[in-house]
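Enquirer: Pasting a structure here, questions to come.
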Amino acid sequence: MDELLQWYAGIRLKAAEYDERKDNLTLKFIHQEEVSDEFKQDLEKWIEANLGDYRVASEFDKPYIDEDMLGLKIKNLLVGNWGVLLVGLLDEDIVISYEGGEYKIDLHLPQDVGEYIRQTTIFRGFIDGLAQDYFAEFLVNWVDKPSEGGGSIEELEKYMADFVPQQRVNKTMHIRGLEYYLGRPIKERPIRIEFLRISPHEQVIAGKIMFLAQKTFKKKTDDGEEEKPYWTFVLDDGKSRAQCVFFPNQKSKPLFEKLVDGTVIAAIGNFSERNGRTSFRVSGISFCEL
């Protein structure tokens, strides 16, 4: 599919959903401009050559961004997760504008609160999800705002200590039907993606595969350079998302090629940051049910 889409920069595969009951595969695309007849013809040829054994339907959607609704979505995210820090947050504190082909989101928050929120996996995953869902770039601009009675980081920690012990924050996920598939076997219970932290130690997360894409990189060899495949995808646990990457070996490559969007997995790997971006490098996968 990557070979086809590289010729049509304004079109992206959003999801591939398989209905086992109807034995039907639906390819869902999002696009910036109108989808040309040429692309549809090339898509039909690609489906016939690569998915001839499936009943395949195609859906095309041009994402529309309502700036008022997007602002409300961001406010709900902030208040829902960090309400104790955001007393007095107003709609005017979230300003959305469009310029130069990207959406700019100005967030007017106290400096310590802004620094705390933007480092969390929840917020980073939310912004990455917007880019995937709306086929647009989103730049967040953190504007320092004098505190007007809102909470502090210390107050949040006190709140968690005073009121949460009875409810105890559950960082793990409940899964069932764990079935080993490839790479490192998984024995630990997965944590919720929102609790991922940069660490040299392996962690386990679980969720649904989204935006699966195969790519290549060049590896130096004694004879020059060799192109090697790798995959990127988003893992969605229903509340948060993680950007994932998988580098296969000869044994795992044919197994990974069979995975599709919508597959629910548990993944073990390392969560790290490189060039200002965080990603979860997968070393093992098992099937499961959330």
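Enquirer: Can you tell me which residue among GLY88, GLY71 is assigned to a loop (DSSP other than H, G, I, E, B), closer than 30 Å to PRO146 by Cα and open to solvent by less than 80 Å² (accessible area, probe 1.4 Å)?
Expert: Only one candidate qualifies: GLY88.
Enquirer: I'm told SER272 meets every condition in (1) farther than 27 Å from ALA131 by Cα; (2) hydroxyl-bearing (Ser, Thr, Tyr); (3) open to solvent by less than 90 Å² (accessible area, probe 1.4 Å) except one. Can you identify the failing condition by its number?
Expert: SER272 satisfies every listed condition except (1).
Enquirer: Related question: Only one of PHE233, PHE247 is open to solvent by 50 Å² or more (accessible area, probe 1.4 Å) and without any contact (Cβ under 8 Å) to a residue 40 or more places away in the chain. Can you tell me which?
Expert: Every option except PHE247 fails the conditions.
Enquirer: On to the next question. On the given criteria, is LYS239 without any contact (Cβ under 8 Å) to a residue 12 or more places away in the chain, under 22 Å from GLY177 (Cα atoms) and among the basic types (Lys, Arg)?
Expert: no
Enquirer: So which residues in region 246-260 are within 22 Å of the chain's Cα centre (by Cα) and in a loop (DSSP other than H, G, I, E, B)?
Expert: Matches in region 246-260: PHE247, PRO248, GLU257, LYS258, LEU259, VAL260.
Enquirer: To continue, here is another question. If THR278 meets every condition in (1) among the β-branched types (Val, Ile, Thr); (2) part of a loop (DSSP other than H, G, I, E, B); (3) open to solvent by less than 40 Å² (accessible area, probe 1.4 Å) apart from one, which number is that one?
Expert: Going through (1) among the β-branched types (Val, Ile, Thr); (2) part of a loop (DSSP other than H, G, I, E, B); (3) open to solvent by less than 40 Å² (accessible area, probe 1.4 Å) one by one, THR278 breaks only (2).
Enquirer: Here's another thing I want to ask about it. Of the residues ASP53, ASP112, which single one is open to solvent by 50 Å² or more (accessible area, probe 1.4 Å) and not in a helix (DSSP H, G or I)?
Expert: The conditions single out ASP53.
The values are calculated or read from the model by the stated rules, or taken from the named source; none is laboratory data. Quick caveat, the model's predicted, so the values are computed rather than measured. When we count neighbours, we look across all protein chains shown, and the Cβ atoms used for this are built from the backbone with ideal geometry, even at glycine. Side chains are part of the model used for accessible areas, which takes the heavy atoms of the whole protein and leaves out ligands, DNA and RNA. Shrake-Rupley method; radii C 1.70, N 1.55, O 1.52, S 1.80 Å.
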